[in-house]
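Read the structure below first, then the notes.
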Amino acid sequence: MTTIKLHDKYFKPFISAQEIDSAIARMVDEVSNDIGDEIPVFVGILNGSFMVVSDFVKKYPKPCEVTFIKLASYEGVKSTEDIQRLIGLTQNLSGRTVVILEDIIDTGNTLAEVHRIFKNENVKALKIATLFYKPEAYKKDYKLHYIGIEIPNKFIVGYGLDYDGLGRNIPEVYQIKETQHMTNLVLFGPPGAGKGTQANFLKEKYNLVHISTGDVFRFNIKNETALGMIAKSYIDKGELVPDQVTIDMLEAEVEKNADAKGFIFDGFPRTDAQAKALDALMERKDSQINAMIALEVDDEVLVERLLKRGETSGRTDDADESIIRHRIKQYYNKTAVLKEFYSEKDKYFGVDGVGSIEDINIRISNLIDGF
Ligand code: AMP
């Protein structure tokens, strides 16, 4: 099971067909034990309940009757407050034990309508069974006699449930993704490889948010924040800022851009711990890193480029050749292991970082367009 797209929205796998099947089997046991030899009338509420009713009654071990009533209650993602009237109840149910079979109960509005309808039917007993139940959303007091699976208050599709008409036929259940589809790139390469330059171009072209950890640190140093003070002591020596400080800062930057279509991470991750933290962060956002794009440039070219940049950038760590060489060494010592980290996931893409800025642009775009 992988992510699916219905209309404009993405959904991730949530409940498997097998889990649904065992939940229904358990509900059937509970209901049949309670009802005994009496012949119940199972009433499904259309449209959503057709799958659960079908699977439920196939498992029901004794004689039973099945009927449906209909009400159109949900449009799109939000449940509408204003529920349409139930239609289709033509049978005389007085004196019968009725079990309502619902696919899902969230606010309980549909249930209110069910109770209103059955108030005058003189049934012997009215029981409510629902496959899915959202306790956080439920606003009513009606008793739910049989519950299959409790779920959080998030939009789901599949197994009878739809998003604007689509998804009812899917045999398992999918949950809406926290964040919709994102393109997340890690720009990788030793200091001076041209990551910043390329990131500026890529963020425009692909409408991504560029996060350069080096830039964020320098901004903090300039503004003399507490974070800046900590970072400065490492940066001036060409050392890496400690992982936890860097990871916390990066997460805060990502959270500031909750609606981003994706990110370009530039200068992050630089260690194994950072790469793992980034994966975990992406997972929490129902997303992932699509690729690490590594600019490959020879050491001597790097030193030359950085010394040249130091003449105008004002960066203390660009002014001194031994600090520059130390930074490059740091890169190979700590950061190059990331090549392995992403290669193992088939997400490492090396790009020749020597040539004109435009040529390198084109090389990277060709890669991204192929994802
Ligand atoms: P950069 O602008 O990416 O070359 O980063 C400049 C300096 O900021 C580095 O030499 C580190 O001291 C610090 N820095 C930037 N990103 C990180 C990171 N991901 N982890 C640790 N230190 C970092």
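The values are calculated or read from the model by the stated rules, or taken from the named source; none is laboratory data. Remember, predicted model here, so these are calculated numbers, not experimental data. Every residue, glycine as well, gets a Cβ built from its backbone with ideal geometry; the counts of neighbours run over all protein chains shown. These area figures cover heavy atoms from the full protein model, side chains too; ligands, DNA and RNA do not enter into them. Shrake-Rupley method; radii C 1.70, N 1.55, O 1.52, S 1.80 Å.
General remarks:
- Complete set of residues in region 260-277 that are away from the ligand (no atom under 16 Å from the Cβ) and open to solvent by less than 10 Å² (accessible area, probe 1.4 Å): G262
- Residue tally, condition surrounded by fewer than 23 Cβ atoms within 10 Å (Cβ to Cβ) and part of a helix (DSSP H, G or I), over region 172-198: 2
- On inspection, G228 fails the criterion of being within 27 Å of L367 (Cβ to Cβ) and assigned to a helix (DSSP H, G or I).
- Of all residues in region 31-58, those being surrounded by fewer than 14 Cβ atoms within 10 Å (Cβ to Cβ) and touching a residue at least 24 places away in the same chain (Cβ under 8 Å) number 3.
- Only one of the listed residues (A231, A294, A280, A252) is away from the ligand (no atom under 12 Å from the Cβ), of a type in the set (G, A, S) and open to solvent by less than 40 Å² (accessible area, probe 1.4 Å). That residue is A294.
- Taking region 20-30 as the range and being touching an Asp or Glu at 6+ places or on another chain (Cβ under 8 Å) and open to solvent by 40 Å² or more (accessible area, probe 1.4 Å) as the test, only D21 passes.
- Qualifying residue in region 116-127 (condition: over 19 Å from V173 (Cβ atoms), of a type in the set (A, V, I, L, M) and assigned to a helix (DSSP H, G or I)): yes
Conditions tested, residue by residue: (1) under 19 Å from I360 (Cβ atoms); (2) touching a residue at least 40 places away in the same chain (Cβ under 8 Å); (3) in contact with a helix residue (DSSP H, G or I) (Cβ under 7 Å, 6 or more places away or on another chain); (4) in a helix (DSSP H, G or I).
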position: A258; (1), (2), (3), (4): no, yes, no, no
position: Q274; (1), (2), (3), (4): no, no, yes, yes
position: Q288; (1), (2), (3), (4): no, yes, yes, no
position: L307; (1), (2), (3), (4): no, no, yes, yes
position: I323; (1), (2), (3), (4): no, yes, yes, yes
position: K334; (1), (2), (3), (4): no, yes, no, yes
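- Highlighted here are the strands (runs of 3 or more DSSP E) found entirely within region 4-67 that include at least 3 residues which are over 30 Å from K177 (Cβ atoms): 41-46.
- Within region 336-363, the set of residues being free of Cβ contacts under 8 Å to residues at least 60 places away in the same chain and within 16 Å of the ligand (Cβ to nearest atom) comprises A336 only.
- Selection from region 199-212 of residues that are part of a strand (DSSP E or B) and either surrounded by fewer than 16 Cβ atoms within 10 Å (Cβ to Cβ) or not polar (S, T, N, Q) (or both): V209, H210, I211
- Matching residues in region 235-249 - criterion: being free of Cβ contacts under 8 Å to residues at least 40 places away in the same chain and either assigned to a helix (DSSP H, G or I) or more than 6 Å from the ligand (Cβ to nearest atom) (or both): P242, D243, Q244, V245, T246, I247, D248, M249
- With respect to being surrounded by 15 or more Cβ atoms within 10 Å (Cβ to Cβ), of a type in the set (D, E, K, R) and more than 25 Å from M182 (Cα to Cα), R363 falls outside the description.
- Sole residue being within 24 Å of I39 (Cα to Cα), out of contact with any Cys (no Cβ under 7 Å at 6 or more places or on another chain) and assigned by TED's automatic domain parsing to the domain that holds D55, chosen from E113, E136, E150, E102: E102
- For the residues V209, V186, the requirement of being closer than 25 Å to Y331 by Cα and more than 16 Å from the ligand (Cβ to nearest atom) singles out V209.
- The set of residues in region 213-228 that are surrounded by fewer than 17 Cβ atoms within 10 Å (Cβ to Cβ), within 9 Å of the ligand (Cβ to nearest atom) and of a type in the set (A, V, I, L, M) is empty.
- Beta carbons closer than 6 Å, at least 6 apart along the sequence or on distinct chains, pair a first residue in region 158-169 that is farther than 18 Å from I45 by Cβ with a second that is exposed (fewer than 14 other Cβ atoms within 10 Å of the Cβ) for D164/H7; D164/G76.
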